[in-house]
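First up is the structure itself, then whatever we jot down about it.
The values are calculated or read from the model by the stated rules, or taken from the named source; none is laboratory data. What you see is a predicted model, and the numbers here were worked out from it, not measured in a lab. Cβ placement follows ideal geometry from the backbone for every residue including glycine, while neighbour counts extend to all protein chains displayed. Heads up: the accessible areas ignore ligands, DNA and RNA and are worked out on the full protein's heavy atoms, side chains in. Shrake-Rupley method; radii C 1.70, N 1.55, O 1.52, S 1.80 Å.
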Amino acid sequence: MKHADEFQTLGDGIYYWSVYEPSVKCEIGCAAFRLAGGLVVIDPVPLVESAWKELFALAPLRAILLTNGNHVRAAAELRKQFPVPVVTAPDTRRDIAELTPDAYLFPNELLYGIAAIPIPGATAGETAFFVPSGVMVIGDAVINTNLEVGLEFLPDKYCTDAEQNRASLRKLLDYDFHTLIFAHGAPVTNHAKEKLSALLNSKS
């Protein structure tokens with residue numbers, strides 16, 4: 001995977017970066033959050049060294065979260081460099097071949113205020129993460145790779161159960177968020193909850 005040259009700030013303590021991945025023909029994105037305990041990175045895409053240094057100058061890295069087993073990305077590299085845990089939901093651990101997670105975040109547990117929300121029906125072990133600053137991070141269950149189309153469900157052929165994926169995503173509307181960040185596609189920073197609700201209520 002290519003290294004991103006820089007990251008952008010989406011809001012107070014919210015950082016995002018991405019690279020184009022030819023093998024999947026779309027942007028591969030990730031996010032970091034500056035929380036009370038330090039930085040938490042979710043689905044880390046590789047950054048050039050100067051950008052990593054700039055990011056970690058803002059706050060120390062405390063943990064790496066993975067939304068599913070396909071998104072190890074730069075997690076192993078970061079764990080070698082920094083003594084921080086790689087954390088997943090329990091169902092995700094079986095689908096990670098590259099490394100063994102150090103800890104598991106169960107539903108109703110919090111890591112620096114971040115909550116894990118299982119999304120059965122998408123890719124195996126799929127988990128969304130709600131960040132208390134009002135951000136929802138989604139792995140593969142929803143994509144935003146075509147700005148003319150907007151939000152789309154993960155194509156049925158990649159789902160373990162497409163109908164279950166759609167039903168599982170409804171629980172995200174119980175949370176108060178203004179921003180959606182995806183593993184695939186551009187973030188949504190305006191009316192994010194309303195746009196997700198519209199997708200869930202469509203016939204897509």
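What is the local net charge at Val45, summed over the other residues whose Cβ is closer than 13 Å to its Cβ (Lys, Arg +1; Asp, Glu -1)?
Details: positive: Lys2, Arg73; negative: Asp5, Glu6, Glu21, Glu27, Asp43, Glu77.
Net of charged neighbours comes to -4.
The residue list Ala74, Ile138, Thr160 was ranked by how far each Cα lies along the charge dipole of the stretch 61-204 toward its positive end, using unit charges on Cβ atoms, and Ala74 comes out on top.
Are there trypsin sites (Lys or Arg not before Pro) in the stretch 22-64 that DSSP marks as loop and that have at most 11 other Cβ atoms within 10 Å, and which are they?
Working: sites: Lys25, Arg34, Lys53, Arg62; in loops: Lys25.
Those satisfying the criteria are Lys25.
For the chain, what does -39500 (n - 2.57) per DSSP helix run (n ≥ 4), summed and divided by total residues, give at 222 nm, in deg cm²/dmol to the nearest 500?
Working: 4 runs with 34 residues, N = 204.
Calculated at 222 nm, the ellipticity per residue is -4500 deg cm²/dmol.
Extending 7 Å from Cα along the Cβ direction at Met1 and again at Phe82 yields two label points whose distance is 1.5 nm. For the stretch 1-159, the antiparallel share of DSSP beta bridges with both residues in that region comes to about 75%.
Rounded to the nearest percent, how much of the accessible area of the stretch 1-153 (1.4 Å probe, protein heavy atoms only) is carbon and sulfur? Mind dumping the intermediate values first?
Working: 3310 of 6670 Å².
Answer for the stretch 1-153 is 50 percent, counting heavy atoms of protein chains only.
Compute the signed sum of charges (Lys and Arg +1, Asp and Glu -1) over the other residues within less than 15 Å, Cβ to Cβ, of Cys26. So the environment of Cys26 carries a net charge of -3. Calculated accessible area for the chain comes out at 47 Å² per residue, all protein chains present (probe 1.4 Å; ligands, DNA, RNA ignored). Placing one equal scatterer on every Cα of the stretch 1-132 and applying the Debye formula, the log10 ratio I(q)/I(0) at q = 0.12, 0.21 Å⁻¹ is -0.42, -1.38.
Using only alpha carbon positions, build the gyration tensor of the stretch 119-204, then give the equivalent ellipsoid semi-axes as the square roots of 5 times its eigenvalues, largest first, whole angstrom. Show your work: numbers first, answer last.
Numbers: eigenvalues 64, 41, 29 Å².
For the stretch 119-204, the ellipsoid semi-axes come out as 18, 14, 12 Å.
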